[in-house]
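Novice: One structure, pasted below without further comment.
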Amino acid sequence: MLDLVTEAFEPAFMQRALLGSLVAVVATSLVGTWVVLRGLAFLGDALAHGVIPGIALAVLWGFSPVVGALGAALVMSGAVTLVSTRSAVREDTGIGLLFVGMLSLGVIIVSRSETFTTDVTTLLFGDVLGVTGADIRGQAVAAAVVFVVIVLGHRPFLALTFNRDKAATLGMHPALAQAALLAVLAVSIVASFQAIGTLLVFGLLVGPPATASLLVRRVPLMMVTSVVAGAVAVVVGLLISFHHGTAGGATIAAVSVGLFFLALVGVELRRWQQVRTLAV
């Protein structure tokens, strides 16, 4: 069994894939915990697709995809905030329209490329085995930014999650906290797309935090548990990918979702056992 693990992570590209994915897990788990607690999964999915136009322009014009993705994500975050606060349209409707619009714009831009199919596949599904040292350094900086903002904004985020009106009464500026959360959500997505792609980043953004929410209640502990669950998904996903030739990013995302359902079954079995014990 140990030989299977050491064999898989012996190549340098697998080591880079492992490190890059683990850094992505840290960023997505910290932000994803708030996404799950606040019921913002649809928004997270929309933002994950909202970076595509920026990456597409980067591919077409030859500049850094990270810069393009970050710019598009911040534009998407601002548009979501504008629609939700300044429009009579329901928030989920506005998010849905922005989701489709940004995704369509991204595909239109990429369609101008001579390698359309390859570019779209890379954008949507990532290339975890092609992660470079420079990519990892960029991810580490993004993860550090996310960590600092999450730590400093813990109390405002907590108040915003459970009672927005109370947060305003306490002077915690819920609108500012919302904008900060959307910004670090965008940064975490940008830090992850190189490893698993924009389409599958949602698996790490929601899967591990959702799993953690089944197992623990306190927010800091939920974040730690989410990082552990995400790390397990990364290691298992890469092992399956290496030994069975499956797509790395997709396998990691699938394992992440699978861990949630495994935890759900375990929790339900434990609850059933407790009810049965009390009945006896």
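Novice: Does Gly133 fit the bill of being modelled with pLDDT of 80 or more and open to solvent by less than 80 Å² (accessible area, probe 1.4 Å)? Steps first, please.
Specialist: On the way: modelled with pLDDT of 80 or more: yes; open to solvent by less than 80 Å² (accessible area, probe 1.4 Å): yes.
It is true that Gly133 is modelled with pLDDT of 80 or more and open to solvent by less than 80 Å² (accessible area, probe 1.4 Å).
Conditions (1) under 16 Å from the mean Cα position of the chain (by Cα); (2) within 24 Å of Ala8 (Cβ to Cβ); (3) not in a helix (DSSP H, G or I), marked per residue:
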| position | (1), (2), (3) |
| --- | --- |
| Leu185 | yes, no, no |
| Leu214 | no, no, no |
| Met222 | yes, no, no |
| Phe242 | no, yes, no |
| Gly249 | yes, yes, no |
| Ile252 | yes, yes, no |
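Novice: Could you list, ordered by first residue, the pairs with Cβ atoms under 6 Å in which the first is in the range 172-201 and more than 30 Å from Leu18 (Cβ to Cβ) and the second is at pLDDT below 85 and surrounded by 24 or more Cβ atoms within 10 Å (Cβ to Cβ), at least 6 apart or interchain?
Specialist: Pairs found: Pro174/Leu160; Ala177/Leu160.
Novice: Name the one entry in Gly39, Gly71, Gly32 that is at pLDDT 80 or above, over 19 Å from Val146 (Cβ atoms) and not hydrophobic (A, V, I, L, M, F, W, C).
Specialist: Gly39
Novice: Which number in (1) without any contact (Cβ under 8 Å) to a residue 12 or more places away in the chain; (2) in a helix (DSSP H, G or I) marks the one condition that Gly68 misses?
Specialist: (1)
Novice: Now a separate question. For the range 248-280, which positions are aliphatic (A, V, I, L, M), in contact (Cβ under 8 Å) with a residue 60 or more places away in the chain and either crowded, with 22+ Cβ neighbours inside 10 Å or farther than 19 Å from Pro208 by Cβ (or both)?
Specialist: Scanning the range 248-280 gives a single hit, Ile252.
Novice: Still on this model: Which one of Gly96, Gly138, Gly101 is part of a helix (DSSP H, G or I), of a type outside the set (Val, Ile, Thr), at pLDDT 80 or above and crowded, with 18+ Cβ neighbours inside 10 Å? Walk me through it before giving the result.
Specialist: Working: Gly96 fails: crowded, with 18+ Cβ neighbours inside 10 Å; Gly101 fails: crowded, with 18+ Cβ neighbours inside 10 Å.
Unique residue meeting the criteria: Gly138.
Novice: Another question about this same structure. Considering only the range 75-82, I want to know if a residue exists there that is outside any helix (DSSP H, G or I) and more than 19 Å from the chain's Cα centre (by Cα). I'd like the intermediate steps shown before the answer.
Specialist: Step one: of the range 75-82, the residues outside any helix (DSSP H, G or I) are none.
No, that holds for no residue.
Novice: Let me confirm something: among Leu215, Leu239, which residue is surrounded by fewer than 21 Cβ atoms within 10 Å (Cβ to Cβ) and more than 21 Å from Leu4 (Cβ to Cβ)?
Specialist: Leu215
Novice: Here is a list of conditions, (1) surrounded by 19 or more Cβ atoms within 10 Å (Cβ to Cβ); (2) within 19 Å of Ala180 (Cα to Cα); (3) at pLDDT 85 or above, and Ser77 meets all of them except one; can you say which number that is?
Specialist: Going through the list (1) surrounded by 19 or more Cβ atoms within 10 Å (Cβ to Cβ); (2) within 19 Å of Ala180 (Cα to Cα); (3) at pLDDT 85 or above, Ser77 breaks only (3).
The values are calculated or read from the model by the stated rules, or taken from the named source; none is laboratory data. Since the structure is predicted, the reported quantities are computational estimates derived from the model, not experimental observations. Every residue, glycine among them, receives a Cβ derived from its backbone with ideal geometry; neighbour counts consider all protein chains shown. Protein only, heavy atoms only, side chains kept; ligands, DNA and RNA dropped before computing areas. Shrake-Rupley method; radii C 1.70, N 1.55, O 1.52, S 1.80 Å.
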